[in-house]
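**Q** The following block contains the structure, expressed as structure tokens.
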Amino acid sequence: MQFSKNLIGHDVAFNNLADLYKKNNLPNKILLTGASGIGKSLFVNYFLNFVYGSNDQKNENDKLIKNNTHPNIFKIFKKKDKKNIDISQIREMIQFQNHSSFNDNSRFIVIEKIEFLSLNSANALLKSIEEPNKDVFFILINDTGARILDTIRSRCIEFKLKLNNNEVKEIVNINFEEDLYEKISNDFINNYNSPSFIISLINFCRDNNIDIYNISIENFIRQIIKDKFYSNSEFIKNYLNFFIELYFYKNIIKTKKIPYKIKNYFYFKLSEIKKYNLDLETFFLEFKEKILSE
């Protein structure tokens, strides 16, 4: 099986799934886990293209899969205005599962970020995956470290996806069609970066006239505070914890300028703010006064 040259990394997992499908041994309940932003959803689309991509219909199937309009594929995402995947979405999935297949082909149900299933949604899903209909396959996508019900995990065959640093670098450079990765400030580069994060970081900095190639993490956080990006940028909101982690990693692990108790203090405050949906402005004013001013 020749792995698609357009999908970087994940070749072992892809070839394993493809071989299992060709031999009619594909598990009907698959759990895909991996760090956020490494291309799990893209991986699934490539696999579905392999399943449905006959030569005479390849381009058409590719469009249907990308647009979520393929008659034999049902995808569930958490809606932007919802905190969880709603049970109504699972009910729609059950209706899809009970309908006839188009052209008698296999059908796939893909659920993104299953950690966002509400308890009712998870229980309803559990009933469906215990005895799925014939030729119906579930692919559940989960971010590493995000908690899911053990009863769901135990019923699935898990495939773990990851990228090495060279693959992350290659994806980033191909996205921008130039060698940018190694030029990024060292304060933002580590083994936990995903291509999605680095690409979003570069785009954010370009949009806001920030020199990502020379700026320190300290000055980056100062810019976040000054322009209140913590409240008006979705990218910064999503990665606040990570930027704080980068700051403390540099100043505790590398330079040892700050004691661990300061880190623990601000981690606790940040977790309380997120837990109770409190105002971030006070947090950052204190962060600036107690740490960044030193």
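**Q** Please determine whether any residue of segment 166-183 is of a type outside the set (F, W, Y), touching a residue at least 60 places away in the same chain (Cβ under 8 Å) and not in a helix (DSSP H, G or I).
**A** No, the conditions are met nowhere in segment 166-183.
**Q** So, one more: Report whether or not K66 is basic (K, R), under 26 Å from I174 (Cβ atoms) and assigned by TED's automatic domain parsing to the domain that holds I148. Give the derivation first.
**A** Numbers: basic (K, R): yes; under 26 Å from I174 (Cβ atoms): yes; assigned by TED's automatic domain parsing to the domain that holds I148: yes.
For K66, the condition - basic (K, R), under 26 Å from I174 (Cβ atoms) and assigned by TED's automatic domain parsing to the domain that holds I148 - is met.
**Q** List every residue pair whose Cβ atoms sit under 8 Å apart, with the two residues 6 or more apart in sequence or on different chains, where the first one lies in segment 209-226 and is assigned by TED's automatic domain parsing to the domain that holds Y247 and without any contact (Cβ under 8 Å) to a residue 60 or more places away in the chain and the second, anywhere, is part of a helix (DSSP H, G or I) and of a type in the set (A, V, I, L, M).
**A** Between residues of segment 209-226 that are assigned by TED's automatic domain parsing to the domain that holds Y247 and without any contact (Cβ under 8 Å) to a residue 60 or more places away in the chain and residues that are part of a helix (DSSP H, G or I) and of a type in the set (A, V, I, L, M), the close pairs are I212/L201; I212/I202; I217/L246.
**Q** Hey, among K78, K162, which residue is touching a His at 6+ places or on another chain (Cβ under 9 Å), touching a residue at least 24 places away in the same chain (Cβ under 8 Å) and within 30 Å of F188 (Cα to Cα)?
**A** Values: K78 fails: touching a His at 6+ places or on another chain (Cβ under 9 Å).
None of the others qualify; the one that does is K162.
**Q** Out of the residues in segment 28-79 that are assigned to a loop (DSSP other than H, G, I, E, B) and either on the phi > 0 side of the Ramachandran plot or among the charged types (D, E, K, R) (or both), which is farthest from the chain's Cα centre (by Cα)?
**A** So in segment 28-79, the residues assigned to a loop (DSSP other than H, G, I, E, B) come out as 28, 35-39, 53-54, 67-72, 77-79.
Next, only the ones that are either on the phi > 0 side of the Ramachandran plot or among the charged types (D, E, K, R) (or both) stay: 37, 39, 68, 78-79.
Details: G37: 4, G39: 7, N68: 18, K78: 12, K79: 15 Å.
That would be N68.
**Q** If I filter segment 173-185 for residues that are surrounded by fewer than 14 Cβ atoms within 10 Å (Cβ to Cβ) and of a type in the set (A, V, I, L, M), do I get at least one hit?
**A** Checked against the condition, which is being surrounded by fewer than 14 Cβ atoms within 10 Å (Cβ to Cβ) and of a type in the set (A, V, I, L, M), segment 173-185 yields at least one hit.
**Q** Next up: How many residues does segment 79-105 hold that are within 16 Å of L149 (Cβ to Cβ) and surrounded by fewer than 21 Cβ atoms within 10 Å (Cβ to Cβ)? Walk me through how you get there before you give the answer.
**A** Here is the first cut: in segment 79-105, the ones within 16 Å of L149 (Cβ to Cβ) are 84-85, 87, 90.
Narrowing the set further to residues that are surrounded by fewer than 21 Cβ atoms within 10 Å (Cβ to Cβ) leaves 84, 87.
Residues meeting the conditions: 2.
**Q** Within segment 106-132, can you find the residues that are surrounded by 15 or more Cβ atoms within 10 Å (Cβ to Cβ), farther than 17 Å from D86 by Cβ and out of contact with any Ser or Thr (no Cβ under 9 Å at 6 or more places or on another chain)?
**A** Correct list: S106, F108, I129, P132.
**Q** Hey, any hits in segment 283-294 for a residue that's without any contact (Cβ under 8 Å) to a residue 60 or more places away in the chain and within 24 Å of the chain's Cα centre (by Cα)?
**A** Pass one, segment 283-294, residues without any contact (Cβ under 8 Å) to a residue 60 or more places away in the chain: 283, 286, 289-291, 293-294.
Now restrict to residues that are within 24 Å of the chain's Cα centre (by Cα): none.
Checked segment 283-294: no residue is without any contact (Cβ under 8 Å) to a residue 60 or more places away in the chain and within 24 Å of the chain's Cα centre (by Cα).
**Q** Out of I202, I212, which single residue is surrounded by 14 or more Cβ atoms within 10 Å (Cβ to Cβ), in contact with a Leu (Cβ under 9 Å, 6 or more places away or on another chain) and in a loop (DSSP other than H, G, I, E, B)?
**A** Details: I202 fails: in a loop (DSSP other than H, G, I, E, B).
Just one listed residue meets the conditions, I212.
**Q** Next question. Those residues that are surrounded by 11 or more Cβ atoms within 10 Å (Cβ to Cβ) and of a type in the set (D, E, K, R), I need them from segment 266-278; list them, please. Even if it seems obvious, please write down each step before you answer.
**A** Within segment 266-278, the subset surrounded by 11 or more Cβ atoms within 10 Å (Cβ to Cβ) is 266-267, 269-274, 278.
Within segment 266-278, K269, E272, K274 meet the criteria.
The values are calculated or read from the model by the stated rules, or taken from the named source; none is laboratory data. The structure presented is a predicted model; accordingly, all values stated were derived computationally and were not measured. Here the Cβ is made from the backbone with ideal geometry for all residues, glycine too, and neighbour counts use every protein chain on show.
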